[in-house]
Amino acid sequence: MAGKALIVIDVQNDFCPGGALGVADGDAVVPAINALMADFDHVILTQDWHPADHASFASQHKGKAAYEEIDMPYGPQRLWPDHCIQGSAGAEFHPELYVSSAELIIRKGFRREIDSYSAFFENDHRTPTGLAGYLRERGITDLTLAGLATDFCVAFSAIDARAQGFAATVLLDASRGIDVDGSLAAMIARMREAGVDLR
Ligand code: VGL
Ligand code: ZN
């Protein structure tokens, strides 16, 4: 198991029911993910971590509403309700998640002008988070991903994992999607094309 890591994506209060960007049934992933942790030598968490004036927030764009898509210098960007603001209760991990099992917590989306869905690259698909280097240096080759949301941060992380040469499995039962404009089906198809093992 030395070469295998569990990557837990954004299991934070704001993505759980009642949160600012609550994913339906999002909190249901917590017991499944906690149980999985014991099977892995490496557990890594990601944490969406935005400044209060982040450019992915609809509130920063006059006349735009949440869930609309706009063009940013780095490409299309969907707009969201304000969520996962640095230091806020909404940005904290779900209180029942076994956070202490994690050897690394990777924060993303902390630069005002660019969003970051993937655990590997910001949304320009070029600026690395450092995760690939961390995994390579530690001899980790096989990734299992689960968390929130299936069709955004989980999917982009899994697709980038494949592009970076890692084996990637996504556990759909331990993930939940947002599903805006058919995004869940579209991203499941894109993951499959990228060689992600969907279970
Ligand atoms: C996410 C939308 C905005 C996610 C993060 O974790 O999937 N989705 N920020
Ligand atoms: Zn976000």
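Bear in mind that the values in this text are calculations on the coordinates, not laboratory data. Everything numeric here is computed off the predicted structure, so don't read it as measured data. Quick reminder, even Gly has a Cβ in these numbers, built from the backbone with ideal geometry, and neighbours come from all protein chains shown.
Listed here are the residues, each with its yes/no results for (1) of a type in the set (Asp, Glu); (2) without any contact (Cβ under 8 Å) to a residue 40 or more places away in the chain; (3) at negative phi; (4) exposed (fewer than 15 other Cβ atoms within 10 Å of the Cβ).
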| site | (1), (2), (3), (4) |
| --- | --- |
| ASN13 | no, no, yes, no |
| VAL29 | no, no, yes, no |
| ALA35 | no, yes, yes, yes |
| PHE40 | no, no, yes, no |
| ARG78 | no, no, yes, no |
| CYS84 | no, no, no, no |
| LEU97 | no, no, yes, no |
| GLU103 | yes, no, yes, yes |
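Within segment 102-112, track down each residue that is within 14 Å of ligand 2 (Cβ to nearest atom) and over 18 Å from PHE156 (Cβ atoms).
ARG112 - this is the single residue of segment 102-112 that is within 14 Å of ligand 2 (Cβ to nearest atom) and over 18 Å from PHE156 (Cβ atoms).
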- Query: If we keep just the residues of segment 13-49 that are under 13 Å from the mean Cα position of the chain (by Cα) and either over 21 Å from ASP179 (Cα atoms) or charged (D, E, K, R) (or both), which is nearest to ligand 1 (Cβ to nearest atom)?
  - Reply: ASP48
- Message: If a residue counts only when it is surrounded by fewer than 23 Cβ atoms within 10 Å (Cβ to Cβ) and not hydrophobic (A, V, I, L, M, F, W, C), which helices (runs of 4 or more DSSP H) contained entirely in segment 111-199 have at least 3 such residues?
- Response: 131-137, 183-193
- Task: Could you grab the pairs with beta carbons closer than 9 Å, sequence gap of 6+ or different chains, first residue in segment 140-161 and on the phi > 0 side of the Ramachandran plot, second one of a type in the set (Asp, Glu) and crowded, with 24+ Cβ neighbours inside 10 Å?
- Result: GLY147/ASP10
- Task: Enumerate the pairs (first residue in segment 52-71 and part of a helix (DSSP H, G or I); second residue anywhere and surrounded by fewer than 14 Cβ atoms within 10 Å (Cβ to Cβ) and among the small types (Gly, Ala, Ser)) with beta-carbon separation below 8 Å, excluding pairs fewer than 6 apart on the same chain, so at least 6 apart or on different chains.
- Result: ALA58/ALA65
